[in-house]
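The values are calculated or read from the model by the stated rules, or taken from the named source; none is laboratory data. This is a predicted model, so every value here is computed, not measured. A quick note on method: Cβ atoms are made from the backbone with ideal geometry, for glycine too, and the neighbour counts reach across all protein chains shown. We work out accessible area using only protein heavy atoms, side chains counted, and drop any ligands, DNA or RNA first. Shrake-Rupley method; radii C 1.70, N 1.55, O 1.52, S 1.80 Å.
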Amino acid sequence: MAMTIKDIARESGYAVGTVSRVLNNHPDVSDTARERIMEVVEKHHFRLNNNAKHLKQQASNGIAIIVKGSQNMLFASIMGQMQKMIREKGYACLIYYIDETDDELEQALQVIRERRPMGILFLGSNLEYFRDRFSQVSIPCVLVTNSAETLEFSNLSSVSTDDSKAAEAAIEHLIGLGHTKIGVLGGQIEKSRAAFTRYVGCRRAFNAHEIPFSPEEQYESALFSMAEGYEAMERLLDKMPDLTAVFAMADVMALGAIRAIVDRGLRVPEDISVVGFDGIELGSYLTPKLTTIRQEREQIAARSVELLLDSIGEGAGAVHELVPFRIISGESTRKLK
């Protein structure tokens with residue numbers, strides 16, 4: 001016996017009206033309901049009257065967001081704003097989380113095969129994956145918080161902060177306060193483009209002031225999370241007990257680092273100054289209030305969605321925009337006496 005909409009409703013656990021709205025691509029359905037109903041539809045290869053047409057419309061009306069890492073608060077804030085804008089424009093929003101070290105192009109190609117989105121927004125990216133495989137992607141895409149300008153793909157735009165200059169500014173800030181024994185907490189520079197470019201900026205600042213920097217002693221790599229920031233800071237303190245300042249390449253790492261410093265019986269900023277990167281809201285409620293490099297997340301989110309929709313609707317070519325950053329002086333840094 002052929003499946004009916006009532007059968008789909010019964011198996012998915014949702015009302016017949018919700019199933020109908022999904023099949024007719026109405027936007028007023030939660031992502032959870034839409035995905036569950038579509039799982040049942042695809043499982044049974046459901047086709048009834050005009051539903052094949054509706055399914056195609058539903059799939060092709062979607063915009064996918066692929067997010068690297070599940071604990072990045074900056075990404076969470078940007079994604080929330082992008083999701084809201086996408087829905088307000090009448091598109092379905094498909095969200096996929098992957099690990100920080102996973103291949104986002106592999107995920108993108110799978111999403112394209114299974115859901116046929118109109119475009120993809122990438123939050124977090126390794127440019128090497130794009131160099132190797134992005135030529136297989138024909139739909140418009142945007143890298144969010146990372147520049148794709150060097151890749152020169154006509155369907156790949158980007159909106160980002162100049163990570164290198166921003167990290168350089170963070171180290172310059174600490175040097176300006178009299179610090180020379182500075183540790184750095186960051187991602188795996190061979191796998192994370194953000195970590196690599198921020199690392200380059202750090203080295204440029206040290207070199208400009210002729211301050212020696214030993215990566216083996218002064219750099220600790222970790223995932224962008226509070227727990228990893230805590231553990232990386234512990235390792236850094238073991239290797240560099242005389243450090244007076246630390247730059248963390250993400251605010252969440254800085255929060256973990258501050259906890260590790262306090263657990264060692266030290267004080268922030270009296271014993272060790274801390275600078276973060278991102279400008280997440282939580283940092284402004286921390287005691288001490290976090291000094292950080294603020295990325296203008298509202299502008300990044302808005303321009304990323306606008307560029308993608310321009311490319312989808314008007315066939316606009318690749319555009320690469322840099323959004324300004326600024327240093328937010330908090331209470332986690334002080335001038336070295």
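Okay, here's what the table says:
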| quantity | calculated |
| --- | --- |
| Where a label projected 7 Å from the Cα of Asp31 along Cα→Cβ would reach, residues of segment 96-113 with amide N under 18 Å | 96-100, 104-105, 107-113 |
| Compactness of segment 112-225, expressed as Rg and Dmax over alpha-carbon positions, Å | 17.0, 55 |
| Mean accessible surface per residue for segment 148-200, computed with a 1.4 Å probe while every protein chain stays in place, in Å² | 36 |
| Length released on extending from Ser154 to Arg326, taking residue separation times 0.36 nm less the Cα-Cα span | 58.9 nm |
| Kirkwood-type radius of segment 222-281, with distances r between different C-alpha atoms, in Å | 11.0 |
| Label corresponding to log10 I(q)/I(0) by the Debye sum over Cα atoms at q = 0.12, 0.15 Å⁻¹ when calculated from the structure given, among (1) -0.91, -1.26; (2) -1.01, -1.23; (3) -0.84, -1.12 | (3) |
| Long-range amide H partners of Ile65 with built H, under 5 Å | Leu94, Ile95, Tyr96, Leu121 |
| Net lengthening on full extension, Glu114/Thr101 (0.36 nm per residue, minus Cα-Cα) | 2.4 nm |
| Interatomic Cα distance distribution for segment 196-337, bins of 10 angstrom, percent | 11, 36, 31, 14, 7, 2 |
| Which listed pairs, of Lys68/Lys165; Lys289/Lys337; Lys191/Lys289, have C-alpha distances above 27 Å, in listed order | Lys191/Lys289 |
| Exposure ranking of Thr161, Thr101 by accessible area [1.4 Å probe, largest first] | Thr101, Thr161 |
| Estimated FRET transfer efficiency when R0 is 56 angstrom, pair Leu282-Thr4 (beta carbons, to 0.05) | 0.70 |
| Simple Cβ-charge dipole of segment 94-150, Lys/Arg +1 and Asp/Glu -1, about Cα centre, in debye nearest 20 | 380 |
| Of all accessible heavy-atom area on segment 114-269, the percent that carbon and sulfur account for (1.4 Å) | 49 |
| Residue range of the chain that is longest and free of GluC sites (Glu not before Pro) which are both DSSP loop and sparsely packed (at most 15 other C-beta within 10 Å) | 1-151 |
| Relative contact order [Cα under 8 Å, 6+ residues apart], segment 57-143, whole percent | 40 |
| Hz values of 3J(HN,Hα) by residue in segment 135-142 - Karplus curve (6.51, -1.76, 1.60), Gly and Pro given as x | 4, 7, 9, 10, 8, x, 9, 9 |
| Length-normalised contact order for the chain - Cα pairs under 8 Å, 6+ apart - percent | 16 |
| Lysines whose Cα lies under 21 Å from that of Lys6, excluding same-chain neighbours fewer than 8 positions away | Lys43, Lys53, Lys56 |
| Size of charge dipole - segment 122-175 - debye, nearest 20, with Cβ of Lys, Arg +1 and Asp, Glu -1, no other charges | 220 |
| 14 Å beta-carbon shell around Ala208, net charge (K/R +1, D/E -1) | 0 |
| Summed residue charge, Cβ within 11 Å of Leu322's Cβ, Lys/Arg positive, Asp/Glu negative | -3 |
| Euclidean distance of C-alpha centroids, segment 157-174 and segment 234-273, integer Å | 21 |
| For the chain, built as a Gaussian network whose Cα springs stay under 10 Å, the top-fluctuating residue of Lys289, Lys43, Lys68 | Lys43 |
| Local net charge near Leu290, Cβ-Cβ under 10 Å (Lys/Arg +1, Asp/Glu -1) | -2 |
| Pair Glu42, Lys337: separation of 7 Å Cα→Cβ label points (nm) | 6.3 |
| Segment 283-337 versus segment 74-152: alpha-carbon centroid distance in Å | 18 |
| Principal-axis tilt of helix 297-314 within the chain, Cα atoms, nearest 10 degrees | 40 |
| Karplus (6.51, -1.76, 1.60) ³J(HN,Hα), θ = phi - 60°, over segment 272-289, in Hz, Gly and Pro reported as x | 9, 8, 10, 10, x, 8, 2, x, 5, 4, 4, x, 7, 9, 6, 10, x, 4 |
